[in-house]
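Each value in this text was obtained by applying a stated rule to the coordinates, not by laboratory testing. Fair warning: this is a prediction, and the values are worked out from it, not measured in the lab. Reconstructed Cβ throughout: ideal geometry from the backbone, glycine too, with neighbour counts over all protein chains shown.
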Amino acid sequence: MRSKRVLVLGAVVVIAGIGAWLRSGSRTDNASIAGAAQVAAEESSPPHESLDGPESDAGALDSTASRGPVAEARVPGAEAPRDPEPVADRTVRGSPGRLRVRAIDAETRSPVPRIRVRAMSETRLADRSSVRDGEAVELSLSPDTYAVLVMAKGYEASELPAQSIEAGKTTILDAVELHPGSARILGTVTGDSWTPDTLWVELVGEGRCPCPACVEGPSSENRKPAQHGQRWSKEDFCSRCGFGKSSSRLPVPPDGRFLFDRLTSGSYAVRLMDVEERTLCDPKSVDLDIGKSLPIEIRFGAPRRVRVEIVDTDGASLAPEWAARLRKQAADDETEALREVVERAVQPPEFDCQFRTEHLRVGSSTFTPPTLDATGIFISGVGAFGARKLGTASRGGRDDRPREKKDALRPEITPAKVSTGYYPSAVDPDGTVRFESVPSLELSLRMTCGGFTATVEIPSSRDEVRLQALLRASGEQGTSTAEPSADPRTYREYEAGRMH
């Protein structure tokens, strides 16, 4: 029994010894394997390169050693880094920067309402306006160096030094001082005499500025001055400076002298007109420099009446036929004739008339000849009486766009143009066309109806003049005939085809 216990105890000791031996051998092998792997990794890794120089290399190696035996290695044959993007692409794709601009009046130090800012680099252009009075303009721009121009109505534009815009940063400029316009137009009206309160002089141009006394209503002498924004949107005209939303107007006093002041440099147009806004002179175009006083003279000629007899392409006057139609109209029952017009929806031909000086158009008119339809019913048509604006949308959160060859920091100045008046006209009982209130200037009158035109020169005269106008066909009459090539040769044929 005792011998059996000794054998069992001996077996346990032998087994424990074998287990200890096996555990110690495993730790030695693992350490050898890990050490071999570290050596292999260090031998295969190229030297570490840094943009900061040798000191960074040492730091990188220490950091690597402290993290343990695992090391990173470049893979042989890996793809080389790509070339950097072109500068223009990096400019557009990078984070935008911002430019904030505000402006004040150089004299009053108060905020300037509704400013406009343009920023231009070698490749980009941005143009933005403020929405509310007195607020700053903030441009979102691609990183670049920009020239900056600040503008506002009634103020001289101010060009600023180049501004460098960095990605993700906002550049805030000091308040830009803008100087109010200081140029003047000193005018005198000469020529024929006129009745008081019948002549007005009108000034058109973007550089006009309301005076401090501008008020909301034309007869509001006792009202307080309107706010700046209200003055700019005036639909009527200031009794002192003449300022209005689209133009400035002043009545011509008996001595003929008038003054427009507080003007910025730029292009302007001046005209003389009557109370019906009909032009009574050859409008003048002027260019003003900063602070310049420009004297001008406008010669007034009393308006006159012009009669025109229209002759068809074959040399036959249309006046006798039109006169006969007017006599028939007088004999017809007007109520019945009107009912026929409404039911049949027939629109007779209409003549468009344009009056021009040597340089520009000064007025227009329309008239409808007396016309009979195929059944002999008189038709009276209604003529169309003649009558009469860069904030930019952002693209991808930016205000700038690619610059074009035509772009410049200062926007192109549009020549100022005056509106044109309407001269009343009618066909008289003798069949001639009468135009009223035509200025006594040397004019050219062009009349058009369908594909027929006539041009007549009107001499300068204060008396009534009577002229003939010969129609010519252009081959574009547009009648209702089935054959496109069968254009009428005379106005009478054109009119007959239109009425069928």
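For this structure, a couple of remarks:
- Count Lys and Arg as plus one, Asp and Glu as minus one, and take only other residues whose Cβ is under 9 Å from that of THR188; the net charge is then -1.
- Using only the C-alpha atoms, the convex hull of segment 87-178 corresponds to 84 Å³ per residue.
- Total formal charge among the other residues, if their Cβ is under 11 angstrom from that of GLU138, Lys/Arg +1 and Asp/Glu -1: +2
- Point-to-point label distance, LEU470-GLU358, nm (Cα→Cβ direction, 7 Å offset): 2.5
- Peptides 145-155, 299-309 ordered by packing proxy, namely the average of other Cβ atoms within 10 Å per residue, highest first: 145-155, 299-309.
- With a simple spin-label model that places each label point 7 Å from the Cα along the Cα-to-Cβ direction, the separation between ARG307 and ASP255 comes to 4.3 nm.
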